[in-house]
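As structure tokens, the structure follows; a few thoughts come after it.
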Amino acid sequence: MTVRRFPTSVHIREVGPRDGLQNESTFVPTKDKIEWINQLSSSGLNYIEVTSFVNPKWIPALSDAEIVAKGIQKAPNVTYAALVPNMRGLIRALDSPIDEVSVFLSASESHNKKNINKTIRETEVVLAEVTREAIANHKSVRGYLSTVFGCPFEGKVDINEVIRLTDSLFEMGIEELSLGDTIGVANPVHVQIVLEALLKRYPQEKIAMHFHNTRGTAMANVLASLEMGITKFDSSLGGLGGCPYAPGASGNLATDDLHYMLTSMGIQTNIQTDKLHSAALFIQDKMNKPLDSYTVKYGMKD
Ligand code: HMG
Ligand code: MG
């Protein structure tokens, strides 16, 4: 029997300050968000989604987006990204020292409507303009496609719609697409079916995976993706997170658990374990509740 070959290094996109905090009822004070983001960058994470320029009435937990984006100490070699839903959000992002704009839409109509109050077709028109203007202003653009593996309102999602929207987002000019398992219903077989279809059209480095761990399948889905040559994963420190407009959505795949599994498999993440762990304990203290990740509960063993 031969041992399977995996990539030698993986890029982790830390989404904790955005996806992790957006669904929390506790408002983390702005100065603590800034301190946490600074700790994340000093741990070696080189990609951090710091906030969201959405309507603050929709996401009150991130209503301090500008102050956070302007308050962080930007480290060299770190990409700081923020979620942008429309032109109003882009104007706010362009006024902040953000490197990358993340646009988002869903592969299912009902979730898209609940999340951004528009049909998918209307959203495509908005995002095409946002992407064009962001690029004209020298920002790179990342795309998220949500509910790829299942929708909280419609159940199964048509893979042809996933392919159509992937093409649509790349045609707009996004650099990278993150495939979202918004409510944590993906399984390794489904992951490989979707990736097989998309990797016929786009190279592996253009695709990232965004798993929520609602039913405990996120890490198995990471392994299934690694087997397909995927090297980019979104995760949230301590497993915080979820979409407030997707009933049943719970925590993201935990960055610390992901880092633990990858490094123990000999896959480089370039993150310093002790600094990552302290940053997890810091946000746990600010949230005033135990975090879900295994490594916060049971520690990191080398
Ligand atoms: P809307 O109410 O339809 O917006 O919301 P509108 O264009 O009709 O404007 C209404 C008011 O909102 C106006 O103010 C606008 O100025 C204001 P008024 O004139 O009434 O005073 N407004 C804004 N204010 C600040 N920033 C903005 C902005 N836009 C409008 N950008 C909108 C449409 C898209 C804004 C709203 O639906 C929204 O903010 N939705 C965001 C929901 C959200 O953040 N969801 C979670 C993120 S997605 C996710 O978690 C999934 C992901 O993690 C991947 C996965 O897991 O699958 C990415
Ligand atoms: Mg998410």
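The values are calculated or read from the model by the stated rules, or taken from the named source; none is laboratory data. Everything numeric here is computed off the predicted structure, so don't read it as measured data. Here Cβ is always computed from backbone atoms with ideal geometry, including for glycine, and neighbour counts include all displayed protein chains. Surface areas here come from the heavy atoms of the whole protein model, side chains and all, with no ligands, DNA or RNA. Shrake-Rupley method; radii C 1.70, N 1.55, O 1.52, S 1.80 Å.
Rounded to the nearest 5, what % of the DSSP beta bridges within region 11-298 are antiparallel ones?
Around 5 percent of the beta bridges assigned by DSSP in region 11-298 are antiparallel ones.
Per the helix-only calculation at 222 nm, which mean residue ellipticity applies to the chain, given -39500 (n - 2.57) for every DSSP H run of n ≥ 4 and division by its residues, nearest 500 deg cm²/dmol?
The helix contribution divided over the chain gives -12000 deg cm²/dmol.
How much of the accessible area of region 11-298, probe 1.4 Å, is carbon plus sulfur, in whole percent?
50 percent
For the pair Glu66/Glu109, report the inter-label distance in nm, with labels modelled 7 Å from Cα in the Cβ direction.
Going from the Glu66 label point to the Glu109 one covers 3.8 nm.
Mean separation of Cα pairs under 8 Å and 6+ residues apart, divided by the residue count of region 11-298: what relative contact order is that in percent?
Reported as a whole number, the value is 20 percent.
Average the reciprocal distances over every distinct pair of alpha-carbons in region 108-174, invert the result, and give the Kirkwood radius in Å.
Final number for the Kirkwood radius of region 108-174 is 12.5 Å.
Using the heavy atoms of the protein chains and a 1.4 angstrom probe, tell me the accessible area per residue for region 1-43 in square angstrom.
49 Å²
Rounded, prolate or oblate: pick one for the chain, where a ≥ b ≥ c are the square roots of the eigenvalues of its C-alpha gyration tensor, a/c under 1.5 means rounded, and failing that, prolate if a/b is larger than b/c, else oblate.
Taking the square roots of the gyration eigenvalues as a ≥ b ≥ c, the chain is rounded.
Whole angstrom only: what separates the Cα centroid of region 82-109 from the Cα centroid of region 4-33?
17 Å
Can you give me the pair-distance distribution of region 148-213, C-alpha pairs, 10 Å bins, whole percents?
20, 58, 21, 0
Tell me which residues come under 5 Å, amide H to amide H, from Ser140 once H is placed; ignore anything under 5 positions away on its chain.
HN-HN under 5 Å from Ser140: Val101.
Residue by residue through region 44-61, what is 3J(HN,Hα) from phi via Karplus (6.51 cos²θ - 1.76 cosθ + 1.60, θ = phi - 60°)? Round to whole Hz and write x for glycine and proline.
Karplus-based 3J(HN,Hα) across region 44-61 equals x, 4, 10, 8, 9, 8, 8, 5, 9, 9, 8, 5, x, 5, 7, 10, x, 4 Hz.
Apply the Karplus parameterisation 6.51 cos²θ - 1.76 cosθ + 1.60, with θ equal to phi minus 60°, to every residue of region 129-140 and state each ³J(HN,Hα) to the nearest whole Hz, in sequence, with x for glycine and proline.
Residue by residue, region 129-140 yields 5, 4, 5, 4, 5, 4, 5, 4, 9, 6, 9, 7 Hz.
Given all pairs of different Cα atoms, what value in angstroms does the Kirkwood hydrodynamic radius of region 108-236 take?
This gives a value of 14.9 Å.
Would you list Lys232, Lys57 from the most to the least accessible area, probe 1.4 Å?
Solvent-accessible surface, decreasing: Lys57, Lys232.
Taking the simple approach of a point 7 Å from Cα along Cα-to-Cβ for both Ala220 and Thr119, what is their distance in nm?
Label at Ala220, label at Thr119, 3.8 nm between them.
Tell me which residues come under 5 Å, amide H to amide H, from Glu176 once H is placed; ignore anything under 5 positions away on its chain.
Under 5 Å from the amide H of Glu176 lie the amide H atoms of Gly143, each far enough along the sequence or on another chain.
Hey, got the Cα dimensions of region 207-302 along the principal axes, in Å, largest first?
Principal-axis extents of the Cα atoms in region 207-302, largest first: 38, 35, 19 Å.
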